[in-house]
Amino acid sequence: MGSVFERSCLENGVLWAEVSRQDVAQAGASSETLSGLVNYLATIDEAQVALLLEEQPNNRVDVSLRARPGYNVAVVAGSLGGGGHELAAGCQVSGTLSEVRVKVLEALSEQMLARA
């Protein structure tokens, strides 16, 4: 899963990474490993919000969100059909990894601007 970290990106306090089905197959990763990835991303000092996008079959993407206190990722997940808690939330969104990334980053940006 090292390549996932190499491709991760930090923008405006959001640290995000994408995991393709190919990444999972090559690494032989489990769902526990993937849930650990978003939690690890959330430990990075510069990240106010951590986002993990995991490609699923049938043109779907699992979205996992973690936040530092003061940010509410449940609002973002809820706006995309999911739910959770203020600091940990998720959803599943239809589309490709890049399409879903754009949707989620836009929703996060709106929520973070509303907080400012």
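The values are calculated or read from the model by the stated rules, or taken from the named source; none is laboratory data. A quick note: this is a predicted structure, and the numbers were derived from the prediction, not measured. Quick reminder, even Gly has a Cβ in these numbers, built from the backbone with ideal geometry, and neighbours come from all protein chains shown.
A few notes on this one:
- When the stretch 69-83 is filtered for residues that are buried (at least 18 other Cβ atoms within 10 Å of the Cβ) and polar (S, T, N, Q), only Asn72 remains.
- Residue among Leu97, Leu52, Leu80 that alone is under 19 Å from Leu10 (Cα atoms) and out of contact with any Asp or Glu (no Cβ under 7 Å at 6 or more places or on another chain): Leu52
- Test: residue in the stretch 21-44 that is surrounded by fewer than 17 Cβ atoms within 10 Å (Cβ to Cβ) and touching a Gly at 6+ places or on another chain (Cβ under 8 Å): no
- Going through (1) assigned to a helix (DSSP H, G or I); (2) over 21 Å from Ser3 (Cα atoms); (3) without any contact (Cβ under 8 Å) to a residue 12 or more places away in the chain one by one, Asn58 falls short only on (1).
- Condition met for Arg66 (at pLDDT 95 or above, of a type in the set (D, E, K, R), surrounded by 15 or more Cβ atoms within 10 Å (Cβ to Cβ) and not in a strand (DSSP E or B)): no
- The criterion of being in contact (Cβ under 8 Å) with a residue 40 or more places away in the chain, more than 22 Å from Leu113 (Cα to Cα) and not small (Gly, Ala, Ser) does not hold for Glu11.
- Considering only residues in the stretch 107-116 that are part of a helix (DSSP H, G or I) and without any contact (Cβ under 8 Å) to a residue 24 or more places away in the chain, the one that is nearest to Trp16 (Cα to Cα) turns out to be Glu110.
- Any chance Val24 is under 16 Å from Val4 (Cα atoms), in a helix (DSSP H, G or I) and among the β-branched types (Val, Ile, Thr): yes
- Scan the stretch 72-106 for residues that are in a strand (DSSP E or B) and closer than 12 Å to Leu51 by Cα and the total you get is 4.
- Test: residue in the stretch 84-98 that is at pLDDT 90 or above, at positive phi and surrounded by fewer than 18 Cβ atoms within 10 Å (Cβ to Cβ): yes
- Among the residues of the stretch 35-82, the ones that are among the polar types (S, T, N, Q) and over 19 Å from Glu99 (Cα atoms) come to 5 in all.
- When residues of the stretch 30-56 are limited to those that are among the small types (Gly, Ala, Ser) and within 23 Å of Ser94 (Cβ to Cβ), the one modelled with the highest pLDDT: Ala50
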